[in-house]
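Student: Mind looking over this structure? Questions follow.
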Amino acid sequence: MEFEFSDRIKALPLYLFARMEEIIRKKQQNGADIISLGIGDPDLPPPKFILDALREEASNPRNHGYSSSIGEYDFRLAVTEWYKNRFSVDLDPEKEVIALIGSKEGLSNLARAFINEGDRVLVPDPAYPVYANGGAILSGGKPVYVPLIEEKQWLPDLENINPKGAKMLYLNYPNNPTGATATIKELEEFVEFALKNRLILCYDNAYSEITFQDYKAPSILQIDEAKEVAIEMNSCSKTFNMTGDRIAFAVGNKKLVEGLAKVKSQTDSGSPKYVQKVAAKALRTYKGPEPPEYILERNKIYEKRAQLLVSELTSLGLKCKMPKATFYIWAKCGESSMEFVEKMLSVNVAATPGVGFGNHGEGYIRFAVTCKEERIKEACERLKKIL
Ligand code: PLP
């Protein structure tokens, strides 16, 4: 039987990374030692207290029934406490907080709750591809790309966005893939823009806890009136090295949280209770705005790796800057990013071509410092052969 995909699936763009993944797979099958600086997945383990708590909670038979798709009350309470401690933001755990099976799910389901056929959705370019694809396109909406460029520090040029007919705007700082950050003042401008143009503002703060030196990433909810228009997604994935455990949360505007709850009640039954219990415990290790010691130590590891990579890439002639946050280095290759990455693969080093994040990512490569310093050094040695 020849089944046909829905128009929405057919509208998804070509998956650019497939060709790269195929090359990597074949090389690895033939025994190649590929150094992967491509994937945004922490190589460091979750802290020991999380592993111990997971073992304990998973062995409790009571933790294996269905959870509620909006999340257990105690998890939502822990999120509320975390926002109060970390950002001095007050939330109602009943109406302004919802658990997610990873923020990827929330980012796409939010569009499902609010976007009608043909609605325009403002999506940064370059960006995490889920906003345009899982969010806008799979909800029948139309992504309208907002260019992010180096000259504007990878921030949206709000004065030159045409918001006509747009219903929603995705933004993400600290940013994947560029590593850019936004100040409180810039967040104020985002909220003002959304208010003025009656836009849903979906703020993705997945990297808020991976920061260096004195930099602290703000929450959009620190801005007065943000709750009028905004929902913020955050996640335990990168904060606690728990990407596979699938636990995250969305907070903010009540109607937006309610919309997510409506979609989720028909599509999922929540993260496992034992995962929510452990995530609540992890969030409660924050006692104030300052992250706990184990997070600071982890960030120092990423920072050292990032400094090493930036210095090596710069000496190889690839322009890049040390970011204030995230574990990504965004380097200018000045040519087709796909061809550049294929050249890198010829010496068994993997990274992500910028064009995979949108047309304005062309000419750049995203490196993730998710492997040990020795491997980063070895990768740069290998790159000398092609640069
Ligand atoms: N947002 C951004 C910007 C990301 O880079 C990622 C993952 O790489 C996610 C969201 C999804 O995170 P999760 O679904 O694990 O919470």
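Here, each number is a calculation from the coordinates, and none is a lab measurement. These numbers come from a predicted model, not from an experiment. Using ideal geometry, Cβ is built from the backbone for each residue, glycine included, and neighbour counts are taken over all protein chains shown.
Student: Let me see the P(r) profile for the range 160-224: every Cα-Cα distance counted, bins of 5 Å, each bin given as a percent of all pairs.
Tutor: Final binned percentages: 4, 16, 28, 23, 16, 8, 3, 1, 0.
Student: Taking the alpha-carbon distance from Lys95 and a cut-off under 15 Å, which aspartates and glutamates remain once sequence neighbours fewer than 8 residues away in the same chain are dropped?
Tutor: Answer for Lys95, where 15 Å is the Cα cut-off: Glu72, Asp74, Glu81, Glu228, Glu232, Glu258, listed by chain and number.
Student: Tell me the label-point distance for the pair Arg55, Lys216, using the 7 Å Cα-to-Cβ offset, in nm and rounded to one decimal.
Tutor: Roughly 3.5 nm, to one decimal.
Student: Here is a follow-up. For the range 339-387, how big is Rg over Rh, using alpha carbon atoms and the Kirkwood form of Rh?
Tutor: So for the range 339-387, dividing Rg by the Kirkwood Rh gives 0.99.
Student: Aspartates and glutamates near Lys332 by alpha-carbon distance under 18 Å, same-chain residues fewer than 8 away left out - which ones?
Tutor: Asp125, Glu150, Glu151, Glu312, Glu342, Glu362
Student: Oh, and also: Rounded if a/c is under 1.5, else prolate if a/b is larger than b/c, else oblate: which is the range 159-280, with a ≥ b ≥ c the root eigenvalues of its Cα gyration tensor?
Tutor: The shape class here is oblate.
Student: To continue, here is another question. What full-extension length gain, to one decimal in nm, is calculated for Met1 and Glu339 as 0.36 nm per residue of separation minus the Cα-Cα distance? Don't jump to the answer; show the numbers that get you there.
Tutor: Working: separation 338, 0.36 × 338 = 121.68 nm, distance 3.78 nm.
Length gained between Met1 and Glu339: 117.9 nm.
Student: Let me ask something else. If I stretch the segment between Ile386 and Glu151 completely, what's the gain in nm (0.36 nm per residue apart, minus their alpha carbon distance), one decimal?
Tutor: 81.8 nm
Student: Among the lysines, select those whose C-alpha is under 17 Å from the C-alpha of Lys304, and discard any that sit fewer than 8 residues away in the same chain.
Tutor: Lys321, Lys324, Lys372, Lys377
Student: Kindly provide the GluC sites (Glu not before Pro) of the range 306-347 that DSSP labels as loop, not H, G, I, E or B, and whose Cβ sees at most 15 other Cβ atoms within 10 Å.
Tutor: Answer by residue number: Glu335.
Student: Listed highest first by mean packing, meaning other Cβ atoms within 10 Å per residue, what order do 380-386, 351-357 come in?
Tutor: Result, highest mean first: 351-357, 380-386.
Student: Can you pull out the chymotrypsin sites (Phe, Trp or Tyr not before Pro) in the range 1-64 whose DSSP state is coil and whose Cβ has at most 16 other Cβ atoms within 10 Å?
Tutor: Phe3, Phe5, Tyr15
Student: What number, rounded to the nearest 500 deg cm²/dmol, is the helix-based mean residue ellipticity at 222 nm of the chain, given -39500 (n - 2.57) per DSSP H run of at least four residues and division by all its residues? Write down the numbers at each step before the final one.
Tutor: On the way: 13 runs with 146 residues, N = 387.
Helices in the chain give a 222 nm mean residue ellipticity of -11500 deg cm²/dmol.
Student: Restricting things to Cα coordinates, could you compute the convex hull volume per residue of the range 48-283 in Å³?
Tutor: Cα convex hull per residue, to the nearest whole number: 114 Å³.
Student: Looking only at the range 151-267, where both bridge partners belong to it, what percent of the DSSP beta bridges are antiparallel (to the nearest 5)?
Tutor: If we restrict to bridges inside the range 151-267, about 35 percent are antiparallel.
Student: Among Pro323, Leu383, Leu345, which residue has its Cα furthest toward the positive end of the charge dipole of the range 277-387, with +1 on Lys/Arg Cβ and -1 on Asp/Glu Cβ?
Tutor: Of Pro323, Leu383, Leu345, it is Pro323.
Student: Please give me, ordered by residue number, the GluC sites (Glu not before Pro) of the range 71-146 that lie in loop per DSSP and have at most 12 other Cβ atoms within 10 Å.
Tutor: Glu117
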